[in-house]
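The values are calculated or read from the model by the stated rules, or taken from the named source; none is laboratory data. Everything numeric here is computed off the predicted structure, so don't read it as measured data. Every residue, glycine among them, receives a Cβ derived from its backbone with ideal geometry; neighbour counts consider all protein chains shown. For accessibility, only protein heavy atoms count, side chains too; no ligands or nucleic acids. Shrake-Rupley method; radii C 1.70, N 1.55, O 1.52, S 1.80 Å.
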Amino acid sequence: MLSLNKYSKDENRRNSEKYKPRKVINQDSYICMRKNSKTEKVKGPNDDIIEILTELLNYYQLIKSEWRMMSYQKAISAIKRYPNKISSYKQAKSIFGIGDGIAKKIEEIVNTGTCKKLETFKKDKMNNVLKIFIQIWGVGESTAKKWYNKGYRSIDDILKNEHLTYHQKIGIQLYNEFKERMPREEAEEISKQVQTIIQTQYDPDLQFYTMGSFRRGLPTCGDIDIIITKNDNLDPELLYDVVKILKQNGLLTHDLSFSRKNSEEHTKYMGVAQLPGHKHRRIDLLIVPWDELGAALLYFTGSDIFNRSLRLLARKKGWRLNQRGLYANVLRNTDASKITSGVLIASKTEKEIFDALEVPYCEPKDRDA
Ligand code: DCP
Ligand code: CA
């Protein structure tokens, strides 16, 4: 694999020219091409439709139905942008981003004010139980279904009958606290303490960026995602020291997982932080090499819909965007597994990546697709 450090900014630009897509792509319809700021949100003509489709999307998110999630997210974004009141199947179907199934649902919502599928979901006992189980940290769809098939219908049933892993025990113990979003002020205070503790007690040159919904300026955050980096060689192993110091200072209370860097992801710690007198909050810490900071900032700012749109656009251009950079010439086997990592086009700054993709730079607060 090529080392990222081998590329200078000029070389990246040359690669961008050299590997430019041969065909011209009409990219105007991509979500990443326009501002989607929550702060600019005004009442729209189709809010009732959006509300019901969002409830359906939430169900599909819970049961991790990826394809349906994508279609609903795409349709909801399209409706948010549509300036007129939608009143028929035909009209809904004519909007780019809305498929046949969702267009039918829209007509049903317009005619009846509700949607049978959503009502069925709400009444469906299995869905309601799976919904509770899947929200336990570390429990995926398969474990939730396994527990359901064993006859468990509540968290109490699990506690009474199941031999739980350490992480599942924490997930259950802190279930109610993890479900709650925190005010951004609390995320800010935890982030500030992480930075101050580590800079004063470990390395003043480390830099910290709080990502996700916090960087997009949202008023509440589901968890705290912090990138740690430095303009120098960075040993991913330092994350062990960072976690140890934060624990000694009482800021981190529980560990959930530690994953080492692989070819696509960064070294990551997942755990729990708590300010005195406050609830337990989920926190992720990531070690990012300096040269990849732009790609990591872009990826971890989100939103996930905005990212998906950028990644799709990159793919349409024959490139590949991931949390480490934008690449050309990634070679793949027929089963999509990777043979080579490709040639780096951009990774150092978000701006370079937007420029290479010919997407106008978008402020984090406007990436809330
Ligand atoms: N991300 C992504 N694809 C994924 C998971 C995450 O692109 N499969 C990116 C986009 C997210 C960011 O990482 O915005 C952080 O992930 P979170 O799940 O923490 O999402 P948010 O911070 O946006 O929301 P929340 O406030 O619920 O934590
Ligand atoms: Ca987050």
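Could you give me the residue pairs with C-beta distances under 6 Å whose first residue belongs to the range 92-116 and is within 19 Å of Ser29 (Cβ to Cβ) and in contact (Cβ under 8 Å) with a residue 12 or more places away in the chain, whose second residue is assigned to a loop (DSSP other than H, G, I, E, B) and basic (Lys, Arg) wherever it lies, and which are 6+ apart or on separate chains? Sorted first by the residue in the range 92-116, then by its partner, the list stays empty.
Where strands (runs of 3 or more DSSP E) sit wholly within the range 260-325, those with at least 2 residues that are farther than 30 Å from Arg34 by Cβ and outside the structural domain of His167 (by TED's automatic domain parsing) occupy 267-274, 280-287.
Go through the range 243-259 and give me each residue that's over 15 Å from Ile198 (Cα atoms) and either open to solvent by 30 Å² or more (accessible area, probe 1.4 Å) or not assigned by TED's automatic domain parsing to the domain that holds Gln201 (or both).
Matches in the range 243-259: Thr253, His254, Asp255, Ser257, Phe258, Ser259.
Yes/no per residue for (1) touching a Gly at 6+ places or on another chain (Cβ under 7 Å); (2) within 16 Å of ligand 1 (Cβ to nearest atom); (3) under 13 Å from Leu285 (Cα atoms); (4) at pLDDT 95 or above:
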position	(1), (2), (3), (4)
Tyr166	no, no, no, no
Pro183	no, yes, no, yes
Glu188	no, yes, no, yes
Thr200	no, no, no, yes
Pro204	no, no, no, yes
Phe214	no, yes, no, yes
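So which residues in the range 135-156 are within 26 Å of the chain's Cα centre (by Cα) and open to solvent by 20 Å² or more (accessible area, probe 1.4 Å), if there are any at all? Please lay out each step first, then the result.
From the range 135-156, those within 26 Å of the chain's Cα centre (by Cα) are 135-145; that's our starting set.
Result: Gln135, Trp137, Gly138, Gly140, Glu141, Ser142, Thr143, Lys145.
Scanning the range 188-215 for residues that are touching a residue at least 60 places away in the same chain (Cβ under 8 Å) and either open to solvent by less than 30 Å² (accessible area, probe 1.4 Å) or over 19 Å from the mean Cα position of the chain (by Cα) (or both) turns up Glu189, Ile190, Gln193, Val194, Met211, Gly212, Ser213. When the range 216-242 is limited to residues that are surrounded by fewer than 18 Cβ atoms within 10 Å (Cβ to Cβ) and polar (S, T, N, Q), the one that is nearest to ligand 1 (Cβ to nearest atom) turns out to be Thr220.
For first residues located in the range 67-83 and closer than 15 Å to Glu51 by Cβ, partners that are of a type in the set (Ser, Thr, Tyr) and crowded, with 17+ Cβ neighbours inside 10 Å and lie 6+ apart or on another chain with Cβ distances below 7 Å form the pairs Tyr72/Tyr60.
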